Amino acid sequence: MFPVLVLAMGLAMTVHVGPIGGDTPAREPRFAVNGSTVALAFGAGTGIYFDLSRDSGKTFSGPVKVADEPVVPLTRHRGPRIVFANGAIVITAVAGKTSGGPHAHGLPSDGDLIAWRSTDTGKTWSKGIVINDVPGAPTEGLHALASDGKEHLFAAWLDHRGGHGTKLYGAQSRDGGATWSKNVLIYASPDGTICECCAPSLAIDSHSETLVMWRNCLDGSRDMYLSRSRDGATFSKPEKLGDGTWKINACPMDGGGLVVSQGRIVTLWRREHDLFLASPGKPETRLATGVDSAIAAGAGGIYAIWSAASGIQAMIPGKSQPIDLGAKGSFPAIAALPGGAAIAAWEQDGEIAIRQIP
C-alpha cells in the first residue's frame, strides 16, 4: 500500500507521496498540467512511477508503476519527465541494464532514453520505446521533454555517441509520442564537449518553434546557450544567455529552466552561487542565491522555485521578495495551474512533498 498523506500548513496543504517500498526514497518529481488534472512522474529505486490528481493537486490517487528497469539514474536532475500530448500522457526516462560500476554515481553503462505512453490517464502504460538511435548514447541520464499539448513532442539529451566529448542530440514525435524521428545533432562544441553533467531544458511555443537551452563549455566558460528550430530537424546558431560568464573547470551539475510567457522567452539558471532570469539578447537579472532551480509560466506571470540554505524558496507574481515554503527539501519542480496559481514539489525525507502556491 502506497502512503499518500495530507498535512495542513497554514492556508496551504502539503501532500506527501512515498516512500515507495519501505526505505526506497521517492526522487526527482516532475509535473504536467492539463486544466485541473495534474500528472506527476518520479523515480524510486529501479522504478518509474506516475500519480494523478483531478483537483489541481489537492489530492492524488496513489502511485502507479510505469516501468521497472535494472538501472535508473535518479540523481542531480536525472529523473523522469512527463507531458500531456492530446489524449495521451508520455513519460520519458533514461534506463539501462548494467551499472556503470562503483564510480559511475548510479549511472548505467548502456543506458537508453525510453518513452512510455498511456491513453487511459495513467491506468496502464505501453511498452517502452527507445528514442535514441545509437544504443547507449544517453548514458549520462540527463534529458528534457516538451509538448505543444497536442501531437508535437520533442526530447533532447546529453549524448556520448562517437566517444569524443558530450554533444546535445534530440528527436521529435508528431503523433503524441507513439513514434520518434531520426536523431538530430542540436549542438557540438568546437572545444570538444558541452558541459557534461547539466540537464538541458526545452519548450515548444505557440508557433510550434522548439526552444532548447543547455550549459556550454567554451573558451573556459560554462555559460547557458539557447537555440531554436521551426522544423525539429535544423537548429539556429546558439545564442549565449546573459552578459556575464562563469569561468570554471568543472561541471556545476545544475541546469535551469526555460518557459515562454506571453510570447517572451524566459530562462532561469545558476552562475556561481546566484540564480538569474534572462531573455535572449538582454542582460540577466539576479533573482536570488540558490541552486537546483525550476521555472513555470502562468496566467499571472513567472513562477520560480529553488533550494536555498534555509530550505525551499519560491518567487511568485506580484511579490518582490522570495517566499519561504518552510521545507528542508531538494530538487524542486513547479508547474502553473489555471487561474494564476502554481503547484510545487520537492524531495523531502524520502517522500515527494507537493503543495499549491497561490
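None of the figures in this text is laboratory data; all of them are computed from the coordinates on show. If you're wondering where the values come from, they're calculated on a predicted model, not measured in any experiment. Counting neighbours? That spans all protein chains shown, and the Cβs are built from the backbone with ideal geometry, glycine included.
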With a 10 Å Cβ neighbour count serving as the proxy for reagent exposure, in which order, fewest first, do S293, S310, S56 appear? S310, S56, S293
When E351, E272, E284, E151 are ordered from fewest to most other Cβ atoms inside 10 Å of their Cβ, what list results? E272, E151, E284, E351
Contact order normalised by residue count of the stretch 135-245, Cα under 8 Å, 6+ apart, percent: 20
What relative contact order, as a whole-number percentage, does the chain give when Cα pairs under 8 Å and 6 or more residues apart are counted? 13
Which semi-axes, in whole Å and largest first, does the equivalent ellipsoid of the stretch 253-330 have when worked out from the alpha carbon gyration tensor as the square roots of 5 times its eigenvalues? 20, 15, 10
If you filter the stretch 20-125 for trypsin sites (Lys or Arg not before Pro), then keep DSSP loop positions with at most 14 other Cβ within 10 Å, what is left? R54, K97, K123
Where the Cα atoms of the stretch 300-358 are projected onto their three principal axes, how long is each span, largest first, in whole Å? 32, 22, 14
Using the Cβ atoms and a cut-off under 13 Å, what net charge is assigned to the surroundings of E140, where Lys and Arg are +1 and Asp and Glu are -1? +1
Counting pairwise Cα distances across the stretch 79-140, what percent come out greater than 17 angstrom? 44
Whole-number D in µm²/s for the chain (Stokes-Einstein; Kirkwood sum over Cα pairs; 10 °C, 1.306 mPa s): 79
Proximal lysines to K123, defined as alpha-carbon separation beneath 30 angstrom and excluding residues fewer than eight positions away on the same chain: K58, K65, K97, K150, K182
Listing D254, D243 by rising number of other beta-carbon atoms within 10 angstrom, fewest first, gives D243, D254
Here, GluC sites (Glu not before Pro) of the stretch 183-248 satisfying both criteria (DSSP loop; at most 15 other Cβ within 10 Å) are none
With the Cα gyration tensor of the stretch 167-302 in hand, convert its eigenvalues to equivalent ellipsoid semi-axes via √(5λ) and list them largest first in whole Å. 23, 20, 13
Length gained if S310 through T75 is fully extended, taking 0.36 nm per residue and subtracting the Cα-Cα distance, is 82.5 nm
For the stretch 36-114, what class follows from the C-alpha gyration tensor (a ≥ b ≥ c being the square roots of its eigenvalues): rounded when a/c is under 1.5, otherwise prolate if a/b is larger than b/c, else oblate? prolate
Have a look at the stretch 67-192 and give its Rg and Dmax from the Cα atoms, expressed in angstrom. 14.3, 46
